[in-house]
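Working notes, structure below.
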Amino acid sequence: MPEVWIDMLAVLDGTARLAAPLILCAMAGLVSERSGIVDIGLEGKLLAGAFAAAAAATLTGSPWAGLAASLAASVMLALVHGFACITHRGEQIVSGVAVNILALGMTVVVANALFRHGGHTPALGAHERFSAISLPLAETLREVPALGSLYAELVSGHNLLVYAAFLSVPLVWWLLWRTRFGLRLRAAGEMPEAVDSAGVPVSALRYRGVLIAGLLCGLAGAYLSIAHGAGFVREMSAGKGFLALAALIFGRWKPLPVLFACLLFGLLDTVAPRLQGVDLPLVGPVPVALVSVLPYAMTVVLLAGFFGRAVPPRALGRPFVKEH
Amino acid sequence: MALDGGPEQAGHPAVRLRGVTKRFGAVLANDDVDLDIPQGAIHGIIGENGAGKSTLASIIYGLYAPDRGSMEIDGEAAPVRSPADAIARGVGMVHQHFMLVPTFTVLENIMLGMEGGFLLGQGEADIRARLASLSRQHGLEVDPDALVDDLPVGLRQRVEILRALFRGARILILDEPTGVLTPDETDQLFTILRGIRDAGGTVVLITHKLREVMAVCGTVSVMRHGRMVGRRETAETNTAELAELMVGRTVGQAERPAQSVVGTPVLRGAGLTWRSPGGTLRLREVGLELRAGEILAVAGVSGNGQSELLDLLSGLSGVQEGHVEFAGRRIDAAHPATPAEMRALGLAHVPEDRQRRGLVLPFEARENAVLGRPEKAGPGPWTSAAAMQAHAEPLFARFDIRPPDPKLPAAGFSGGNQQKIVLAREFDTVPAVLLLGQPTRGVDIGTVETIHAEVLALKERGSAILLVSTELDEILALADRIMVMNGGRVAGTVPAAGATARQLGLMMTGAGDGAAA
């Protein structure tokens, strides 16, 4: 098999692994923001989920308990955000930042209290994590030229949560654009007065929006600490929630473009270390820091209106006040 | 079908309110209101801005909960706590600010809340068919797959009416439906409303335009300061009596002085073409001349270039093509003038949207009164509360601004008094040119009188005034010449003497032709 093909497969495989949490968080943000609630707290929910998953998996020895804990922790933060923004019509950015700070501090404090390990959780064994799933026929087909190795290396051999991430995209699309709930949710993000006047309560819709966001972030959190990684490390979300937010804007709040943005950011993340010290003709040694900045730089350029306009949902960030 | 099959209990009014009271903070919006709306009729509710009409409509539709009082629909006690309750009882509402999702299609807007199944695909064909038959039945044709954002306001209103009828409304409330319509579209709307009435429906028309009430309503209730002050059969009353009921005293037209001597031209614009940053052509080859001691009114349906023309002449947006001559200066793309320069040359501007562009709402009224006039704010670069107070007090007295306290934030004044603060600031000196955008929008009738008198007084003192208004009555009452705009073009300029609403309406829609004046 040609060397380049294997390299390419490895890069794409790495892209899928690094993009998975981004996709889950970006879909979470998409559902929340389509309902009109800004979700700058993706990062916090992701981090809290990651910690809860690792802690529960360590204590019970079951990855499924870890997943349940992650979902619970993330949903709890989502409901705090919802309570502040929907019930009390608070400032959504401020509430989101509070969620992030809360998660940042709480994870370390609780980790220290539980494990006395410098804010980490003990390393998890293989049976305490979601391990790679070998899809049927992967080994049989491996020898088939090109497509076989593509299937075996790229499609097969990921853990459950990677598949969940890729599945979340068509699911979110279907939910938002093909169901009654989705029509109402999107209307609540564009013109909540119209929803109210149609006799549908806006708050309930928005609560469901942030709840779904909580669940998706919970999946992403579990992925970080008990699937991709083997334990919780302090600040392990490392800005992925913000990167997902950038992908959400880059993909203009539409599932498929958001997926591509996440894959692009994942790809940049994968190739950055590989470019370390590589001498490109004309450019010279590649500054790796520059590659990591690219996703953010691209989002800023997009927001400045260079590739057409990114139009957010019209009622995004605007509390719905019924009586005025 | 939406309109028949309702309970036909003869004698029961469609809607009966008793003792409805609603308070917003310190404001008593509805005070012990009783109301009977007869079945199968078009009933008007009139009152000045702030009289509580819209609040009352919102209570009937369940958007607001009343503090006290009871409601019956078709003779049955009907506690309406949410729009869903109202819809279930056959009440529909067409809001003043359309309740449509602009990024959705007409069909999606209609089906919102009535999707007919968890999957959108389940109900769509059925909804499409019912919509088509409703459209035909009421003469409300509209493309179900058009994006609402792309529809002109007249069509959006049709979608709103369809939306209400689709929900089975037998009692249709329309809140100020004609504010955004041309006279022609208004006539069409009234035809539609009569059709709904003839099919057995009940229509409640909320408006402040007396002419409309007289044209289409059988009965009318009059509100003033949150109270119901009268009920009349339109056949047995006249606009003068209704106006008196609305205001609580006799309303006179501002005395219109005989045509003053036409002064010299002060401002000239020629070949003004302007595109929005998005590239849309907003003004095409607009030419105009303002003369001292004369009011030139710009008539047109809003959104036909009037606002852009004001921005251009005031210096807020730059001239792109063509030029403006003012006070010895020629302003064109190569020689732009800032708003400050235009003001220094003797131009004053009362912006159309006073809350966003005319005032800084959280600032004190006296601070607002010196905006753009830094010399009145205090010595040099400093501001002085005493200087601002001294400047504001006589203005407050002259314009009778209430409450008479310049220290209150601008947000604490009513719409009419906010407008008086802006006018007081701009009228303080006699400007060579005054750009006057929608001077009486959202202002109560009593204040309209004062404002019109001040405008006419300023004209007498030699200002050249460009008046932009969507109220034809106002234009006919004040203007010397009327320039009609349509699609960014000047459709024609006619002398005000002898101009009729009908003729202007035709010019607004591009159907009529105007003679040069």
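The values are calculated or read from the model by the stated rules, or taken from the named source; none is laboratory data. If you're wondering where the values come from, they're calculated on a predicted model, not measured in any experiment. A quick note on method: Cβ atoms are made from the backbone with ideal geometry, for glycine too, and the neighbour counts reach across all protein chains shown. Note: accessible area is taken over every heavy atom of the protein model, side chains too, but ligands, DNA and RNA are not part of it. Shrake-Rupley method; radii C 1.70, N 1.55, O 1.52, S 1.80 Å.
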Open item on the list: Give me the one-decimal Kirkwood hydrodynamic radius in Å for region A:3-303, with the sum taken over alpha-carbon pairs.
Closed with: 20.0
Open item on the list: How large is the accessible surface of residue B:36 in square angstrom, using a 1.4 angstrom probe and rounding to the nearest 10?
Closed with: 50
- [ ] Select from region A:240-324 those trypsin sites (Lys or Arg not before Pro) which occupy a DSSP coil region and have at most 15 other Cβ atoms within 10 Å, ordered by residue number.
- [x] A:309, A:314, A:322
Open item on the list: How large is the accessible surface of residue B:414 in square angstrom, using a 1.4 angstrom probe and rounding to the nearest 10?
Closed with: 60
Task: R0 of 60 Å, Cβ-Cβ distance residue B:400-residue B:129: FRET efficiency to nearest 0.05 - done: 0.55
TODO: Would you please give the residues with an amide H less than 5 Å from that of residue A:179, counting only those at least 5 places away or on a separate chain, with H modeled from the backbone geometry?
DONE: B:120
- [ ] Leaving ligands, DNA and RNA out of it, rank B:70, B:58 by accessible area with a 1.4 Å probe, largest first.
- [x] B:70, B:58
Open item on the list: Let me check I have the definition right: for region A:1-49, take the eigenvalues of the Cα gyration tensor, multiply each by 5, take square roots. What are those semi-axes in whole Å, largest first?
Closed with: 33, 11, 5
Task: Per-residue SASA entry for residue B:198, accessible area with 1.4 Å probe, Å² rounded to 10 - done: 120
Task: Estimated 222 nm signal from helices in chain A, with DSSP H stretches of n ≥ 4 weighted -39500 (n - 2.57), rounded to 500 - done: -21000 deg cm²/dmol
TODO: Could you please report the charge total around residue A:213, scoring K, R as +1 and D, E as -1 over all other residues with beta-carbon less than 12 angstrom from its beta-carbon?
DONE: +2
- [ ] Work out how much length residue A:275 to residue A:178 would gain on full extension: take 0.36 nm times their residue separation and subtract the Cα-Cα distance, in nm to one decimal.
- [x] 30.7 nm
Open item on the list: So the label point goes 7 Å from the Cα of residue A:203 along Cα→C-beta, right? Which residues of region B:50-80 then have their backbone N under 16 Å from it?
Closed with: B:63-65
Task: Kirkwood estimate for region B:355-413, i.e. one over the average of 1/r between Cα atoms, Å - done: 11.5
Open item on the list: Suppose each label sits 7 Å from its Cα in the direction of the beta carbon; what would the residue A:256-residue B:344 distance come out to in nanometres?
Closed with: 5.6
Task: region B:383-517 - Rg (one decimal) and Dmax (whole number), Cα, Å - done: 17.4, 56
- [ ] Could you work out the mean count of beta carbons from other protein chains within 10 Å of each residue's beta carbon in A:198-204?
- [x] 5
Open item on the list: Going by Cα centres, region A:7-56 and region B:312-376 are how many Å apart?
Closed with: 50
Task: region A:1-88: proportion of alpha-carbon pairs further apart than 15 angstrom, % - done: 68
- [ ] Sequence neighbours fewer than 8 away in the same chain don't count; with that in mind, list the aspartates and glutamates whose C-alpha is under 19 Å from residue B:459.
- [x] B:255, B:289, B:294, B:426, B:428, B:449, B:473, B:474, B:480
Open item on the list: Please list 3J(HN,Hα) in residue order for region B:329-334, calculated via the Karplus relation 6.51 cos²θ - 1.76 cosθ + 1.60 where θ = phi - 60°; whole Hz, with x for glycine and proline.
Closed with: 10, 10, 10, 9, 4, 7
Open item on the list: Could you tell me how far the Cα centroid of region B:118-170 sits from the Cα centroid of region A:90-124, in Å?
Closed with: 51
TODO: Report the label-to-label distance for residue B:143 and residue B:249 in nanometres (one decimal), using points 7 Å from each Cα along the Cα→Cβ vector.
DONE: 5.4
Task: In Hz, Karplus ³J(HN,Hα) per residue of region B:480-495 (6.51, -1.76, 1.60; θ = phi - 60°; x = Gly, Pro) - done: 9, 10, 10, 10, 9, 10, 8, x, x, 9, 7, 6, x, 10, 10, x
TODO: Return the distance in nm (one decimal) between the two label points of a simple spin-label model at residue A:114 and residue A:126, each offset 7 Å from Cα along Cα→Cβ.
DONE: 2.5
Open item on the list: If DNA, RNA and ligands are ignored and the probe is 1.4 Å, what is the ranking of A:94, B:360 by accessible area, most exposed first?
Closed with: A:94, B:360
- [ ] State the answer as a single residue: which of B:361, B:372, B:390 lies farthest towards the positive end of the charge dipole of region B:355-428, with beta carbon charges of +1 for Lys and Arg and -1 for Asp and Glu, about the Cα centre.
- [x] B:361
Task: Cross-link reach list, lysines versus residue B:209, counting only Cα pairs under 26 Å and skipping chain neighbours closer than eight places - done: B:22, B:53, B:420
Open item on the list: Where in chain A is the longest stretch that carries no GluC sites (Glu not before Pro) classed as loop by DSSP and with at most 15 other Cβ atoms within 10 Å?
Closed with: A:144-234
- [ ] For region A:83-99, just list the computed ³J(HN,Hα) in residue order, Karplus coefficients 6.51, -1.76 and 1.60, θ = phi - 60°, integers in Hz, with x standing in for Gly and Pro.
- [x] 4, 5, 8, 8, 5, 9, 6, x, 6, 6, 5, 4, 4, x, 5, 4, 4
Task: the protein assembly as shown: proportion of alpha-carbon pairs further apart than 42 angstrom, % - done: 48
Open item on the list: Could you tell me the calculated FRET efficiency between residue B:270 and residue B:429, based on Cβ-Cβ distance and R0 = 35 angstrom, to the nearest 0.05?
Closed with: 0.80
TODO: Using the charge dipole of chain A (Lys, Arg: +1 at Cβ; Asp, Glu: -1 at Cβ; taken about the Cα centre), state which of A:101, A:146, A:118 has its Cα farthest towards the positive end.
DONE: A:101
Open item on the list: Given N residues in chain B, what is its alpha carbon radius of gyration divided by 2.2 N^0.38 Å?
Closed with: 1.05
TODO: Can you give me the P(r) profile for region B:15-157? Cα pairs, bins 10 angstrom wide beginning at 0, each as a whole percent.
DONE: 10, 32, 31, 22, 5
Task: Label point at residue B:375 placed 7 Å out along Cα→Cβ; residues across region B:331-362 whose backbone nitrogen lies under 17 Å - done: B:340-349
Task: Helix-only CD estimate at 222 nm, as mean residue ellipticity for chain B, using -39500 (n - 2.57) per DSSP H run (n ≥ 4) - done: -9500 deg cm²/dmol
Open item on the list: Quick check: residue separation of residue B:360 and residue B:386 times 0.36 nm, minus the Cα distance between them. What number comes out in nm?
Closed with: 7.4 nm
